[in-house]
Amino acid sequence: MTMISVLPAPPSDADADAWLAVLAAAHAHDLPGVPGPTRVEVAGRIQVPPVRGRALCLAAADEDAEPHDWDGVAGLLLFTDPGNTHTAFLDAAVRPAARRRGVGTALWRRVREELEADGRTSVSCVADLGGPGEAFLTGLGFENVLTMAWYVQDTTVERGDPVLPAGYRWVSWNGIVPDEHAASAAVAHSAMEDAPSGGMDENTPLWDAERVRAAQRLILDRGGRILTVAAVTPAGDMAAYTELVLPDPHGVRATQYDTVVVPAHRGRGLGRAVKLRALAELRALHPGVRQIATTVADENGPMLAVNEALGYRRERPCGVFQLKL
């Protein structure tokens with residue numbers, strides 16, 4: 001019989017090791033050739049509390065199993081930011097050897113109990129299309145509300161020099177945004193409101209300077225690194241920016257977070273420029289990184305065009321799956 005345990009907050013180092021073992025086994029089976037999660041990334045994610053909500057970590061094991069010999073795990077983020085207290089985000093994995101034995105179903109049953117007890121009316125997660133996650137979710141009634149894909153760029157290939165149009169200048173920083181750019185960064189973050197979101201039952205959070213700092217501080221607290229490159233006007237207003245995150249500073253793959261061009265400054269090549277500049281700075285600061293990975297919605301034509309020009313290749317399709325409770 002599968003037993004579900006709620007991990008203490010924060011989970012212990014032994015919990016993090018066991019969590020990584022499940023994720024690594026699932027990743028190696030489902031995504032061979034794709035760099036998998038590292039100890040730094042996994043421990044940071046489950047041991048450091050999120051900014052936007054309350055986290056719950058669940059582990060599934062056979063009732064006769066040894067301690068930390070888990071068959072599956074599930075992380076549930078219950079959003080607490082205004083406008084999103086009705087929804088949540090789920091991330092789960094089951095060891096390949098334990099699949100089709102009711103482990104995922106047992107985890108989901110406990111997750112649903114937590115959602116209903118907390119008054120949540122929807123939950124979403126991201127899964128690769130055509131994989132076991134999609135099959136499991138659709139069997140539960142989840143619907144794909146936003147089709148995307150993972151794209152990967154080889155950082156060892158020369159992509160040309162970044163050039164800014166006249167009237168703009170570069171600004172970049174590692175870690176938390178400097179005070180002189182914090183307010184402008186918050187305004188630029190808010191420009192993400194028009195990014196494709198499909199039928200997601202989640203409201204775009206309101207950004208202010210402290211929220212920007214908190215989001216970046218969380219990456220650092222979880223053991224990662226973040227590099228931001230921006231194009232600003234003579235007045236210091238942020239016209240465009242991009243963020244590169246290293247979940248593990250010693251990993252080989254960085255993740256492209258937001259790339260935003262403020263509406264009034266679009267059509268001038270700023271998205272491509274900030275990405276090229278960020279690539280150059282990443283190569284100088286972290287020569288061990290070999291890839292940059294990012295997700296882009298299928299309906300986001302402008303960003304797809306920018307990424308194609310920069311040599312990104314489509315790695316695998318995925319989607320945001322959502323269930324209304």
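Side notes on the structure shown:
- GLY83, sole failed condition from (1) under 29 Å from ALA214 (Cα atoms); (2) out of contact with any helix residue (DSSP H, G or I) (no Cβ under 8 Å at 6 or more places or on another chain); (3) at pLDDT 95 or above: (3)
- Scanning the range 152-163 for residues that are part of a loop (DSSP other than H, G, I, E, B) and at pLDDT 95 or above yields a single hit, THR155.
- When ALA9, ALA43 are screened for being farther than 23 Å from GLY319 by Cα, touching a helix residue (DSSP H, G or I) at 6+ places or on another chain (Cβ under 6 Å) and of a type in the set (Gly, Ala, Ser), only ALA43 passes.
- Within the range 269-309, being in contact with a strand residue (DSSP E or B) (Cβ under 6 Å, 6 or more places away or on another chain) and in a loop (DSSP other than H, G, I, E, B) holds for VAL289, ASP298.
- Selection from the range 251-274 of residues that are under 17 Å from THR155 (Cα atoms) and out of contact with any helix residue (DSSP H, G or I) (no Cβ under 7 Å at 6 or more places or on another chain): GLY251, VAL252, ARG253, THR255, GLN256, TYR257, ALA273, VAL274
- Cβ separations smaller than 6 Å between residues 6+ apart or across chains give the following pairs from the range 313-324 residues that are at negative phi to residues that are among the aromatic types (Phe, Trp, Tyr) and in a strand (DSSP E or B): ARG314/TYR151; GLU315/TRP150; ARG316/TRP150.
- Only listed residue being of a type outside the set (Phe, Trp, Tyr), outside any loop (DSSP other than H, G, I, E, B), modelled with pLDDT of 95 or more and touching an Asp or Glu at 6+ places or on another chain (Cβ under 6 Å), chosen from ALA127, ALA135, ALA149, ALA231: ALA127
- Among the residues examined, VAL320 does not qualify as of a type in the set (A, V, I, L, M, F, W, C) and assigned to a loop (DSSP other than H, G, I, E, B).
- Residue list for the range 128-148, filter: more than 20 Å from the chain's Cα centre (by Cα) and of a type in the set (S, T, N, Q): THR138
- Members of the range 173-186 that are surrounded by 15 or more Cβ atoms within 10 Å (Cβ to Cβ) and either at pLDDT below 95 or not in a loop (DSSP other than H, G, I, E, B) (or both): TRP173, HIS181, ALA182, ALA183, SER184, ALA185, ALA186
- When the test is whether a residue is acidic (Asp, Glu), modelled with pLDDT under 95 and in a helix (DSSP H, G or I), GLU202 does not pass it.
- Test: residue in the range 19-31 that is surrounded by 15 or more Cβ atoms within 10 Å (Cβ to Cβ) and in contact with a Leu (Cβ under 9 Å, 6 or more places away or on another chain): yes
The values are calculated or read from the model by the stated rules, or taken from the named source; none is laboratory data. Note that the structure is a prediction, hence the values are computed from the model and not measured. Cβ coordinates were reconstructed from backbone atoms using ideal geometry, including for glycine residues, and neighbour counts include every protein chain displayed.
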